[in-house]
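Note sheet for the following structure.
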Amino acid sequence: MTTLTERYFRPKPFELDGRLYTWLGVALFKRLLMGAVRVDPAKPTANAYVLGGRSLDDVRRFERKSRRSELVHLGGLVMALIFLTFAAVVGGLFVAGAIVFVANFHCFLLQRYNRVRMYRVLDRGRAGSDAES
């Protein structure tokens, strides 16, 4: 039985083929972000942007980091929607809401996009360890 948290974070069927993320420009955003971010190769595990290794434990650790990052950006999206709703009802805060939305939308989607790839690796790792048992 899976927890509510696990059900939320597990990639949904419509995410699995990656077409949604391609259409929304997430792969392009990822390339631009990785070109702009300065990653210290001597400390890859200290950075939330890089995997840090190729073992299943490294992938699990990165997946946990991506959950935290996704929730941070989800919070930003919620704040943006509050600002935009306030702007529609009362006026003001539209620019703030739009900026917060733009700053968080692709970052949020990038966590989901990466998780699809990580779950494939983790699922293969689980299948391999089950076969060995």
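Matching residues to (1) exposed (fewer than 11 other Cβ atoms within 10 Å of the Cβ); (2) modelled with pLDDT under 95; (3) within 20 Å of GLY125 (Cα to Cα):
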position: GLY18; (1), (2), (3): no, yes, no
position: LEU32; (1), (2), (3): no, yes, no
position: GLY75; (1), (2), (3): no, no, no
position: VAL90; (1), (2), (3): yes, yes, no
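Of the candidates ARG61, ARG67, the single residue that is among the basic types (Lys, Arg), closer than 19 Å to TYR21 by Cβ, at pLDDT 85 or above and out of contact with any His (no Cβ under 6 Å at 6 or more places or on another chain) is ARG67.
In segment 92-133, of all residues being of a type in the set (S, T, N, Q) and surrounded by fewer than 16 Cβ atoms within 10 Å (Cβ to Cβ), the one that is modelled with the lowest pLDDT corresponds to SER133.
The values are calculated or read from the model by the stated rules, or taken from the named source; none is laboratory data. Quantities reported herein were computed from a predicted structural model and do not represent experimental measurements. Every residue, glycine as well, gets a Cβ built from its backbone with ideal geometry; the counts of neighbours run over all protein chains shown.
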